[in-house]
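Some notes on the structure that comes next.
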Amino acid sequence: DPYPLHMSGRVISGFGRGSKELGIPTANLPVDDTQTPWISSTPSGVYFGWASIRLPPSHPDSPPPPPPPSQNEATPTPTALPPTNGFTVYPMVMSIGYNPFYKNTVRSAEVHVLHKFHADFYGAEMRLLIAGYVRKELDYSGLEALIADINFDCVVARRSLARDGWAPRGVEVAVEIDG
Ligand code: ADP
Ligand code: MG
């Protein structure tokens, strides 16, 4: 299917493989191939793009509520950016792969958001815009090689998203894209 690909849902618990302990937590989304028809035919592997997340107001990284409409005509509210409805856009790198529990027909989708969060956000609404493909899914004999590859995937994703043309227009991005 042509890029960008989209998927969305609420963040669910994953397999508890301890990704967080490795410094690379992944926010899992349910894979529903009726809502996301492209997912059954897309290659297993690593992808990059943007994650738009609506954190609950109680979350420490939740954006402040928008200011009330100004009563002062002399200082109108800036209108350059559309309302975000509480969603914040973050760069992300993600894996789409087979879940062996489901006989290799249903896939798992997990997103590592390139941002340091101060609390978990299970249950939060997350919308993904997948901009491109990094590499196919690989097998590893050791954890160190796996972690090294994921860290390089993060670098590739940041560089790709920083290139002209990839930045989302009309929305504020939560962090500087560098590295
Ligand atoms: P699980 O197996 O339940 O997916 P993980 O160890 O992969 O557990 O941790 C994922 C959870 O960590 C996410 O659901 C989210 O709530 C939280 N989290 C915190 N920071 C991040 C981040 N930068 N990217 C993705 N998830 C994060
Ligand atoms: Mg996970």
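The table below gives the values:
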{"item": "Two-site label geometry, residue 22 and residue 133: point separation in nm, points 7 Å out along Cα→Cβ", "result": "2.2 nm"}
{"item": "Karplus 3J(HN,Hα) series, Hz, for region 118-128 with 6.51 cos²θ - 1.76 cosθ + 1.60 (x for Gly, Pro)", "result": "9, 6, 5, 9, 4, x, 5, 6, 9, 10, 10"}
{"item": "Neighbourhood charge, 10 Å Cβ-Cβ cut-off, centred on residue 48 and excluding it, Lys, Arg +1 and Asp, Glu -1", "result": "+1"}
{"item": "Computed FRET value (nearest 0.05) for residue 167 with residue 115, which takes r as the C-beta separation and R₀ as 22 Å", "result": "0.90"}
{"item": "Pairwise centroid distance, computed over Cα atoms, of region 14-28 with region 142-156, Å", "result": "14 Å"}
{"item": "Residue-by-residue Karplus 3J(HN,Hα) for region 139-155, coefficients 6.51, -1.76, 1.60, Hz, glycine and proline x", "result": "9, 10, 8, x, 5, 5, 5, 4, 5, 4, 5, 5, 4, 5, 4, 5, 5"}
{"item": "Heavy atoms of residue 133 accessible to a 1.4 Å probe, total area in Å² rounded to 10", "result": "90 Å²"}
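The values are calculated or read from the model by the stated rules, or taken from the named source; none is laboratory data. As the structure is a computational prediction, the values presented were derived from the model and not from experiment. Note: ideal-geometry Cβ built from the backbone for every residue, glycine included; neighbour counts use all protein chains shown. These accessible areas exclude ligands, DNA and RNA; they are computed on the full protein's heavy atoms, side chains included. Shrake-Rupley method; radii C 1.70, N 1.55, O 1.52, S 1.80 Å.
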